[in-house]
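**Q** Dropping the structure in here first, questions after.
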Amino acid sequence: MPSAAQPKPLIIKLGGSVITDKASEGVINTKALSGLAEVLASVTGPLVVIHGAGSLGHPEAKRWGIADGVTAENALGVYETHEAVSRLNRAVVSALRDAGVNAVSFPPFASALTENRRIVYAGEEQIKELLLAGLVPVLFGDVAADRTQGACILSGDQIAPYLAAALGAERIGFVTASGGVLQDGLVIPEISGRTADSVAFFKAEGADVTGGMKGKIAELLLLAESGIESQIFAAEDLAAFLSGENPGTRITS
Ligand code: IPE
């Protein structure tokens, strides 16, 4: 039986630098996390949450060289990295549930497949069903099986635009520590494929195996080319973003 048109999902990526202390390995910023969860509880339509790794996952991935592939030599690093990000995911799901969000863990390690580090599949068929059932899947930057190199580090920054396209999302929001794309200490309100090359990208502190702000912008420009705009903003701007405003930096084609 054909069903009525479903509202387009909203996709939110919580940056690892916001929900962890990026300078202290393994430390979760529970205060920031619960504040964001309270705001996300106001979303009434379909929602997918993706979070980064920050200081749980990046250090392990770097130590074991997981981004460059996996063999018997560094296979233990797959376990250690996935365990670290899974611990953070348990904290994120708990914070969301405590705030009243019907959140469920959706680990990319068990659902995604990449080739040459690019997503071939990220669980979109399962996610569509979960959204129809009123659940909020919570994905994260994780280790993923890779057809070319055994495994790789799959950033939430690649998952978010991929799912936005696969699910037909209307908007995608990135909550970041920088509050947007910075140039000379100021947030650039808009960045497009034409202007990207002239922007001196913010360089994040600490171990980041997935490219920091530059990688994020590259993914969002790809998304903008397919007609879906996105927005990079600070944690305190999440409520404004949800109410339809354009805080931080808007990424357009
Ligand atoms: C990184 O994910 C995943 C691992 C290092 C295992 P992200 O790229 O999404 O994380 P953040 O937001 O930069 O911390």
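**Q** Go over the candidates Thr195, Thr210, Thr176, Thr249 one by one and state the one that is within 18 Å of the chain's Cα centre (by Cα) and at pLDDT below 85. Talk me through it step by step, then tell me what you get.
**A** Numbers: Thr195 fails: within 18 Å of the chain's Cα centre (by Cα); Thr176 fails: at pLDDT below 85; Thr249 fails: at pLDDT below 85.
Testing whether each residue is within 18 Å of the chain's Cα centre (by Cα) and at pLDDT below 85 leaves just Thr210.
**Q** Criterion first (more than 14 Å from the ligand (Cβ to nearest atom), within 18 Å of the chain's Cα centre (by Cα) and surrounded by fewer than 18 Cβ atoms within 10 Å (Cβ to Cβ)) does Val93 satisfy it?
**A** Values: more than 14 Å from the ligand (Cβ to nearest atom): yes; within 18 Å of the chain's Cα centre (by Cα): yes; surrounded by fewer than 18 Cβ atoms within 10 Å (Cβ to Cβ): no.
For Val93, the condition - more than 14 Å from the ligand (Cβ to nearest atom), within 18 Å of the chain's Cα centre (by Cα) and surrounded by fewer than 18 Cβ atoms within 10 Å (Cβ to Cβ) - is not met.
**Q** Looking at (1) assigned to a strand (DSSP E or B); (2) crowded, with 23+ Cβ neighbours inside 10 Å; (3) among the β-branched types (Val, Ile, Thr), which one does Val85 not meet, given that it meets all the others?
**A** (1)
**Q** Of all residues in segment 69-82 being within 13 Å of the ligand (Cβ to nearest atom) and in contact (Cβ under 8 Å) with a residue 40 or more places away in the chain, which is surrounded by the most Cβ atoms within 10 Å (Cβ to Cβ)? Before you say what the answer is, go through the steps one by one.
**A** In the first step, residues of segment 69-82 are kept if they are within 13 Å of the ligand (Cβ to nearest atom); the result is 70, 77-82.
Still in the running and in contact (Cβ under 8 Å) with a residue 40 or more places away in the chain: 70, 78, 81-82.
Working: Val70: 21, Val78: 20, Thr81: 30, His82: 23.
In this case the residue turns out to be Thr81.
**Q** So, in segment 219-245, of the ones that are assigned to a loop (DSSP other than H, G, I, E, B) and of a type in the set (A, V, I, L, M, F, W, C), which residue ends up modelled with the lowest pLDDT? Even if it seems obvious, please write down each step before you answer.
**A** Of the residues in segment 219-245, the ones assigned to a loop (DSSP other than H, G, I, E, B) are 226-229, 234, 243-245.
Now narrow it down to the ones that are of a type in the set (A, V, I, L, M, F, W, C): 228, 234.
Numbers: Ile228: 92, Ala234: 98.
This residue is Ile228.
**Q** So, restricting to strands (runs of 3 or more DSSP E) that lie completely within segment 98-202, which ones have at least 2 residues that are surrounded by 20 or more Cβ atoms within 10 Å (Cβ to Cβ) and within 12 Å of the ligand (Cβ to nearest atom)? Outline the logic, then answer.
**A** Working: elements: 103-105, 113-115, 118-121, 136-140, 142-146, 150-154, 171-175, 190-192.
Passing ranges, in order: 136-140, 142-146, 150-154, 171-175.
**Q** Looking at (1) more than 16 Å from the chain's Cα centre (by Cα); (2) under 18 Å from Lys13 (Cβ atoms), find the lone condition where Ala103 falls short.
**A** (1)
The values are calculated or read from the model by the stated rules, or taken from the named source; none is laboratory data. Please read these numbers as outputs of a predicted model, since none were measured by experiment. Because the Cβ atoms are built from the backbone with ideal geometry, glycine has one as well, and the counts that use them run over all protein chains shown.
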